[in-house]
Amino acid sequence: MSLSSPGLDSALDTAAVTAARAGRRKAPRLGRRRLTFDYVSFLLVFLGLPLVIFLVFVISPFIQAVYYSMTNWTGFSPNMQFVGLQNFVKLFQDPTFLQAMGNNILLAVVVPLITIVIALIFASMITVGGPSHGNVRGLKGSSFYRVVSFFPYVIPAIVIAILWAMIYSPTGLLNGALGVLGIDNKQWAWLGEQSTAMGATIFVIVWSMVGFYMILFIAAIKGIPGETLEAARIDGAGRFRTVTSIVLPQIRDNVQTAYVYLGIMALDAFVYMAGLNSTGGPSNSTLVMSQYLFRTAFEKGQFGLATAMGVVLAIITLLFAALVIGVFRLIGGKDEGGRS
Amino acid sequence: MSTDTRAAITIDRSKASGPGKHTTKSTAGDKVVGGVSHVVLALWALVVILPMLWTLLGSFKTTAEIFKSPFGLPAQWNFNNYVSAWVDNNFGGMFVNTIIVVGCSLILVMVLGAMCAYVLARFQIPGGRVVYYLMLAGLTFPPFLAIVPLFFILQGMQLLNTLPGLIITYVAFALPFTVFFLFSFFKSLPYEIQEAAYVDGASEWRTFFQVMLPMAKPGMAAVAIMNFLGLWNQFILPISLNTNKDNYVLSQGMASYASSAGYALDFGQMFAAVMITIIPVLIVYVLFQRQLQGSVSQGTSK
């Protein structure tokens, strides 16, 4: 490619380019092109190459997964029988899988809820927590909080999980800190006891996500026209009323998006679980579907069954997204049509 | 993005508080709300910072010192933990692997993603919309569904457990996000300049690489930062598709080291390994903090 040569009118070496130039002199309009060598090669490489990679490594595995999920394939033996929905029947009779699914659903409900509530409270404090006179404005010195809270978002999730596994360990930071405060809990294993394992896990995910969504909500709140907030204030709305009646309805779409994203993340949750409790926790109390899938596939070699789990996971994910969007429609009315 | 808005608000304020100075006096209620807000936010900041501080301090301490008191200073400041993590536990090798994999796939995905987004955004091709929606679908589907077939696709191509295999899957899975974000960016660039390039006789290739791509620099930078973090933190793909210990990347090496040791973990070395893993992202975060938060806010304004 003679792309680096300086000057646009320097001689280009292929005849096709000349042809293209001649052709375009008449039809320079975008959208309708003549099929010159330049244009065709350009399309082939620019669109074809990424598309082939995408189709081979992303789309085709998804499609294959649907087929494999209906076979009793074990991966290494060539014989594979089509068994229809048998794998799915088996899954829904497997108490461990049902437990994992229950844990996933619990996570998908609780994690977004807690994260969004905390992030919204923080974002509101930062944006409308300032003095109640003059223009509505934020808290002083809030950029420090923004920089710090966003930080966990950039740390690899597996590192976060491992770090918190150490913090929660019987001799870790949490018990040490509680000891300093005078609370002796006899080296409680936060992740090793069924009563606290799930709660501790949820906290870690929330911890890593709050900052990101706080920034997101701050940006959304700043997008609300100042006049709207001003008008509310003149009408006598306090900060709390401003947030619940003005800010929340205005950023409803952002909250909805956040709920969907957090829920999808919680339905996967593999990375966090792998670092916190790679075996599924005390009596599988923190086992999630993705972990069970991974174990079924790469430890037991039951690939057909494992992909069936993947299909169930995908269906639950789609249902979840549809449900959230539906619920938000219901509680928010459909006046805005989903976008402002 | 966010800074722009902030600037606008500041200007507003100075205009409004100019004539009526008396309104800026805070009431008791303001002080309470402000105070409570500061306390709550500061507490959260503490909850975020303490584990980091604990890790940083711990990476210089011996395991016995870590257990003795969480925030005591080490008796001797040295890099023993780092050296043994880097050399004995091969985090050095993993670091190099991670740099290679993330570096190559980042460059590839940015080039391929920009090309694809450019074509989809600015040319009317039959099936263009279908490709776009396919990319959107790839963005929403759980990667876990693809893991098992992907394993066998790579095996069939002799790419399983190799760095090139990992790179190509990283590229494929980062592509939808890249295309999706650059699509709107390329769409917003002026058409006149593209036309001018054609009139001056530039080929499609040249128009892209010498005219359009340089104009897309801000968008490319934002997406590249997000992709760097995403790829550096990638975990599911390497642990299922890259099980050869010599080819380990940092994230999976961390997990395997932590789970192999269990409660008998050498905390000091583990902390050093954690620091080795997060220092690169920390540097990127500090350098590009503003762009990063800006691109997060940009995502909301669509």
Return a yes/no flag: does the range B:145-163 have any residue that is under 26 Å from residue A:266 (Cα atoms), surrounded by fewer than 20 Cβ atoms within 10 Å (Cβ to Cβ) and β-branched (Val, Ile, Thr). no
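Each row is one residue, and each column tells you yes or no for (1) facing chain B (nearest Cβ under 9 Å); (2) over 27 Å from residue A:259 (Cα atoms); (3) in contact with a Gly (Cβ under 9 Å, 6 or more places away or on another chain).
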position: A:120; (1), (2), (3): no, no, no
position: A:123; (1), (2), (3): no, no, no
position: A:151; (1), (2), (3): yes, no, yes
position: A:164; (1), (2), (3): yes, no, yes
position: A:172; (1), (2), (3): yes, yes, no
position: A:181; (1), (2), (3): no, yes, no
position: A:185; (1), (2), (3): no, yes, yes
position: A:195; (1), (2), (3): no, no, no
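Restricting the range A:251-278 to residues that are of a type in the set (A, V, I, L, M) and within 8 Å of chain B (Cβ to nearest Cβ), which is nearest to residue B:270 (Cα to Cα)?
Taking the range A:251-278 and keeping what is of a type in the set (A, V, I, L, M), we get A:251, A:255, A:258, A:260, A:262, A:264-267, A:269, A:271, A:273-274, A:276.
Cutting the leftovers down to within 8 Å of chain B (Cβ to nearest Cβ) gives us A:264, A:267, A:271, A:274.
Numbers: A:264: 30, A:267: 28, A:271: 18, A:274: 16 Å.
Ranking the candidates gives A:274 first.
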Which residues, counting only those in the range A:278-293, are surrounded by fewer than 24 Cβ atoms within 10 Å (Cβ to Cβ) and not in a helix (DSSP H, G or I)? A:278, A:279, A:280, A:281, A:285, A:287
If we keep only residues of the range B:181-204 that are assigned to a helix (DSSP H, G or I) and surrounded by fewer than 18 Cβ atoms within 10 Å (Cβ to Cβ), then the residue farthest from the chain's Cα centre (by Cα) is B:199
Of all residues in the range B:118-157 being more than 9 Å from chain A (Cβ to nearest Cβ) and within 25 Å of the chain's Cα centre (by Cα), which is farthest from residue A:291 (Cα to Cα)? B:121
Collect the residues in the range A:132-143 that are at pLDDT 70 or above and facing chain B (nearest Cβ under 7 Å), keeping them in residue-number order. A:139
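Does any residue of the range A:260-274 turn out to be in contact with a helix residue (DSSP H, G or I) (Cβ under 9 Å, 6 or more places away or on another chain), among the aliphatic types (A, V, I, L, M) and farther than 18 Å from residue A:201 by Cβ? I'd like the intermediate steps shown before the answer.
Applying the first criterion (in contact with a helix residue (DSSP H, G or I) (Cβ under 9 Å, 6 or more places away or on another chain)) to the range A:260-274 yields A:260-274.
So of that shortlist, the ones also among the aliphatic types (A, V, I, L, M) come out as A:260, A:262, A:264-267, A:269, A:271, A:273-274.
Within this subset, residues satisfying the condition of being farther than 18 Å from residue A:201 by Cβ are A:260.
Scanning the range A:260-274, I find at least one residue that is in contact with a helix residue (DSSP H, G or I) (Cβ under 9 Å, 6 or more places away or on another chain), among the aliphatic types (A, V, I, L, M) and farther than 18 Å from residue A:201 by Cβ, so the answer is yes.
Would you be able to tell me the number of residues in the range B:13-34 that are in a helix (DSSP H, G or I), modelled with pLDDT of 70 or more and at the interface with another protein chain (Cβ under 8 Å from one of its Cβ atoms)?
Of the residues in that region, 4 qualify.
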Close pairs from the range A:200-226: first over 19 Å from residue A:139 (Cβ atoms) and at the interface with another protein chain (Cβ under 7 Å from one of its Cβ atoms), partner of a type in the set (Phe, Trp, Tyr) and buried (at least 24 other Cβ atoms within 10 Å of the Cβ), Cβ under 6 Å, at least 6 apart: none
Could you tell me whether residue B:178 is more than 7 Å from chain A (Cβ to nearest Cβ), over 27 Å from residue A:162 (Cβ atoms), among the polar types (S, T, N, Q) and under 19 Å from the mean Cα position of the chain (by Cα)? yes
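This table checks each residue for (1) under 17 Å from residue B:98 (Cβ atoms); (2) of a type in the set (Gly, Ala, Ser).
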{"residue": "B:164", "(1), (2)": "yes, no"}
{"residue": "B:172", "(1), (2)": "no, yes"}
{"residue": "B:183", "(1), (2)": "no, no"}
{"residue": "B:211", "(1), (2)": "no, no"}
{"residue": "B:217", "(1), (2)": "no, no"}
{"residue": "B:248", "(1), (2)": "yes, no"}
Looking only at the range A:294-308, count how many residues are surrounded by fewer than 23 Cβ atoms within 10 Å (Cβ to Cβ) and closer than 15 Å to residue A:61 by Cα. 0
Residue pairs within 7 Å by beta carbon, gap of at least six or interchain, first lying in the range B:277-292 and facing another protein chain (nearest Cβ under 10 Å) and under 19 Å from residue B:86 (Cα atoms), second crowded, with 17+ Cβ neighbours inside 10 Å and among the aliphatic types (A, V, I, L, M), listed first then second, are B:277/A:159; B:277/B:250; B:277/B:254; B:278/A:155; B:278/A:159; B:281/A:154; B:281/A:155; B:281/B:229
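The values are calculated or read from the model by the stated rules, or taken from the named source; none is laboratory data. Values in this document were obtained by computation on a predicted structure and should not be read as measured data. As a convention, Cβ positions derive from the backbone with ideal geometry for all residues, glycine included, and neighbour counts pool all protein chains shown.
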